[in-house]
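Okay, so here's the structure we're looking at.
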Amino acid sequence: MDLGHGRRRLELPDGCVSLVLNLADPVWVTLGTRQDAAALPYTDLLSGLQTRPTFGEHAGRVEGVEVLLEPWAAFGFLSHPMSDLADRMADPRALLGRRADLLAEALHEADGWPTRFSLLDATLPTWDEATPARATEPLRNAWSELVRSGGGLPVRELAHRSGRSTRQLEYLFREQIGLTPKTAARVLRFRTPYG
């Protein structure tokens, strides 16, 4: 995208983990909307689930790839508690190591967008295969139920359907999603259209 002028955009929480690999100038991200919040530059970034809005800014030209992941899928890639990434942004290299470098380099060198998309399609499944962590089936099912309900399913009912106690489900959500079921439900309600 080349607008010819800078742009600042408000981003609302969307219930996705975002991996951004930038091929041009850095983007500036402000976590939250407080007046004193600082904008930080990111060439590449990994964003956990957000519970508050963020501002994204760029100078007018943006070129790169954004991969939106279900939080439980990101947990499988990272083998790291997702709660450590909630309401945060990180350099992908800090959590993905050399895999992030290799993918970023290959995307830079690729000849055009079809090649880049093919590269992503070939690479991301290997990341999943290379890590020992897997989101549990009850967690994946509970997340799917919560998404399907638009965040409207009560936590007690969600726990009952998952075959876990409320406390067990809260633990799984913090570890593999990043937020408690109640907070995750609130985030998912943001993306549900009214009317």
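The values are calculated or read from the model by the stated rules, or taken from the named source; none is laboratory data. As the structure is a computational prediction, the values presented were derived from the model and not from experiment. Cβ atoms come from the backbone with ideal geometry, glycine included; neighbour counts cover every protein chain shown. What goes into the accessible areas is simple: the full protein's heavy atoms, side chains included, and nothing from ligands, DNA or RNA. Shrake-Rupley method; radii C 1.70, N 1.55, O 1.52, S 1.80 Å.
Here are the numbers for this structure:
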| read-out | value |
| --- | --- |
| Residue in region 71-81 that is surrounded by fewer than 18 Cβ atoms within 10 Å (Cβ to Cβ) and touching a Ser or Thr at 6+ places or on another chain (Cβ under 7 Å) present | yes |
| Hey, Asp121 farther than 30 Å from Ser162 by Cβ, open to solvent by 80 Å² or more (accessible area, probe 1.4 Å), under 19 Å from the mean Cα position of the chain (by Cα) and of a type in the set (Asp, Glu) or not | yes |
| Hits in region 74-93 (condition: modelled with pLDDT under 90 and small (Gly, Ala, Ser)) | Gly76, Ser79 |
| Residues satisfying the stated conditions in region 20-56, i.e. open to solvent by 40 Å² or more (accessible area, probe 1.4 Å) and at pLDDT 90 or above | Arg52 |
| Subset of region 140-195 [small (Gly, Ala, Ser), more than 17 Å from Glu70 (Cβ to Cβ) and free of Cβ contacts under 8 Å to residues at least 24 places away in the same chain] | Ala159, Ser165, Gly195 |
| Single condition Leu107 does not satisfy, out of (1) more than 22 Å from Val147 (Cα to Cα); (2) at pLDDT 90 or above; (3) surrounded by fewer than 18 Cβ atoms within 10 Å (Cβ to Cβ) | (3) |
| Lone qualifier among Leu139, Leu146 - being surrounded by 13 or more Cβ atoms within 10 Å (Cβ to Cβ), in contact with a Gly (Cβ under 9 Å, 6 or more places away or on another chain) and closer than 30 Å to Lys182 by Cβ | Leu146 |
| Flag for Ala100 being in a helix (DSSP H, G or I) and open to solvent by 60 Å² or more (accessible area, probe 1.4 Å) | no |
| Condition met for Arg174 (of a type in the set (Lys, Arg), farther than 17 Å from Asp14 by Cβ and either assigned to a loop (DSSP other than H, G, I, E, B) or modelled with pLDDT under 95 (or both)) | no |
| Residues satisfying the stated conditions in region 84-97, i.e. open to solvent by 60 Å² or more (accessible area, probe 1.4 Å) and assigned to a helix (DSSP H, G or I) | Asp84, Arg93, Ala94 |
| Answer from Leu40, Leu45, Leu10 - the residue that is assigned to a strand (DSSP E or B) and either charged (D, E, K, R) or within 21 Å of Ala74 (Cα to Cα) (or both) | Leu45 |
| Considering residues of region 124-136 that are surrounded by 10 or more Cβ atoms within 10 Å (Cβ to Cβ) and in contact (Cβ under 8 Å) with a residue 40 or more places away in the chain only, the residue nearest to His80 (Cα to Cα) | Ala133 |
| Residue within region 60-70 that is more than 15 Å from the chain's Cα centre (by Cα), closer than 23 Å to Arg9 by Cβ and surrounded by 15 or more Cβ atoms within 10 Å (Cβ to Cβ) present | yes |
| Filter result (loosely packed, with under 11 Cβ neighbours inside 10 Å and more than 27 Å from Pro71 (Cβ to Cβ)) within region 2-19 | Asp2, Gly4, His5 |
| Single residue of Asp121, Asp91 found to be in contact (Cβ under 8 Å) with a residue 40 or more places away in the chain and either over 30 Å from Thr180 (Cα atoms) or charged (D, E, K, R) (or both) | Asp91 |
